[in-house]
Amino acid sequence: MTVTKDLAATPEGLAHAAQILRAGGLVAFPTETVYGLGGDARNDHAVAGIFAAKARPQFNPLIVHVPDLDAARRYAEFDARAEALAGAFWPGPLTLVLPLRPDGGLSPLVTAGLASVAIRVPAHPVAQAFLRAFDGPLAAPSANPSGRVSPTRADHVRAGLAGRIDAILDGGPCAVGVESTIIGLDGTPALLRPGGLPVEVLEAALGQSLAIGGDAQKPSAPGQLASHYAPGAAVRLEATKAEGDEVFVGFGPGPDAALTLSDSGDLVEAAARLFHILREADAMAGPSGRISFAPIPEVGLGRAINDRLRRAAAPRS
Ligand code: TXA
Ligand code: MG
């Protein structure tokens, strides 16, 4: 159990909050839409901690928050349409899903292994000051336990997450009160989630209407789930040891394993390593090879890990 500090949006409070992020900790902070639960988007362990604190049963991709368009260009590819929308509506309640820059250094857990990234520049002055004090990309879903309503005041955050996060930066009530509008621009422009910025305003700026992009919780467009993190090798779950020439991935103490998600059986460590291990095991096994995974307990982050492993093991066409 962590003691959750209350920090005021003063220069000292902001410096303290930024220091917590640099140490890999989690800080809830105000945006103009809702409070976000922020962690360093380059730090696998911090991002795994966000999923653990929210008790999310799946590794949905998270939004990366940056202070301005220049910072956003380090992590995503901007085409003319993306430049136009960012120029018109940032800072503000608009999130753009764009092709990920592989050299940007984001944790693969932030993007859930997808080749795209959701990115936004919040307008709230405390969010802006916090991002500038931290000087890095901030992964931040809404600061509520999974399945509960999004918080629009610091005391909502405290009611849901006290004891699970390091600090709450208080910036008063959120003005917009609903999440940002999410537009997918990694293909045909599509509305992935309605939100604080009206669709009509966006369509007018784009000069075209937006496709309805389906369920943003489950990116399903071809090529999205079959991303570069989906192994080419066949995957077997609940394995007790390697059979034949399998690359066996262990968890906790057990039989000899080529790789391990966590030697000590720590689920946060396993989540932090998951996407890297999927890649490494795939490279070791080769395209016609086989990978097997030791059982992961179906509790806490184990549920999200198992969800991802089941997808990796599902038959592919
Ligand atoms: O207003 C907001 O956007 C708040 C504040 C804190 O900024 N943040 C927020 O984040 O709502 P989150 O993580 O709860 O919402 C992320 C949404 C999810 O629906 C997710 O599926 C979608 O963004 N998303 C993220 N990356 C994506 C991607 N690469 N492709 C498609 N959808 C994506
Ligand atoms: Mg949410």
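The values are calculated or read from the model by the stated rules, or taken from the named source; none is laboratory data. Note that the coordinates shown come from a computational prediction; the quantities given were computed from them, not determined experimentally. Note that we place each Cβ from the backbone using ideal geometry, even for glycine, and neighbour counts take in every protein chain shown.
Under 9 Å by Cβ, and 6 or more places apart or on different chains, what pairs join a residue from segment 177-188 that is outside the structural domain of PHE78 (by TED's automatic domain parsing) and more than 18 Å from TRP90 (Cβ to Cβ) with one that is more than 10 Å from ligand 1 (Cβ to nearest atom) and assigned to a loop (DSSP other than H, G, I, E, B)?
Sorted first by the residue in segment 177-188, then by its partner, the list stays empty.
At pLDDT below 95, part of a loop (DSSP other than H, G, I, E, B), touching a strand residue (DSSP E or B) at 6+ places or on another chain (Cβ under 8 Å) and surrounded by fewer than 20 Cβ atoms within 10 Å (Cβ to Cβ): is that true of ALA216 in this structure?
Yes, satisfied.
Of a type in the set (A, V, I, L, M), under 10 Å from the mean Cα position of the chain (by Cα) and over 19 Å from ALA17 (Cβ atoms): which single residue out of ALA55, ALA48 fits that description?
When all the criteria are applied, what remains is ALA48.
Of the residues GLY207, GLY244, which single one is at pLDDT 55 or above, assigned by TED's automatic domain parsing to the domain that holds PRO287 and on the phi > 0 side of the Ramachandran plot?
The conditions single out GLY244.
Can you tell me how many residues within segment 8-34 are buried (at least 24 other Cβ atoms within 10 Å of the Cβ) and farther than 14 Å from ARG164 by Cβ?
7
Among the residues that make up segment 56-75, is at least one of them surrounded by fewer than 20 Cβ atoms within 10 Å (Cβ to Cβ), among the charged types (D, E, K, R) and at pLDDT below 95?
yes
From the list GLY147, GLY195, GLY177, exactly one residue is within 16 Å of ligand 2 (Cβ to nearest atom), in contact with an Asp or Glu (Cβ under 6 Å, 6 or more places away or on another chain) and more than 28 Å from ALA23 (Cβ to Cβ). Which is it?
From the options GLY147, GLY195, GLY177, the qualifying one is GLY195.
Name every residue in segment 114-135 that is surrounded by 21 or more Cβ atoms within 10 Å (Cβ to Cβ) and among the polar types (S, T, N, Q), in order of residue number.
SER116
Right, LEU138: surrounded by 20 or more Cβ atoms within 10 Å (Cβ to Cβ) and either aromatic (Phe, Trp, Tyr) or away from ligand 2 (no atom under 15 Å from the Cβ) (or both) or not?
yes
Look through VAL64, VAL47 and report the one residue that is near ligand 1 (Cβ under 9 Å from one of its atoms) and assigned by TED's automatic domain parsing to the domain that holds VAL149.
On inspection, the qualifying residue turns out to be VAL64.
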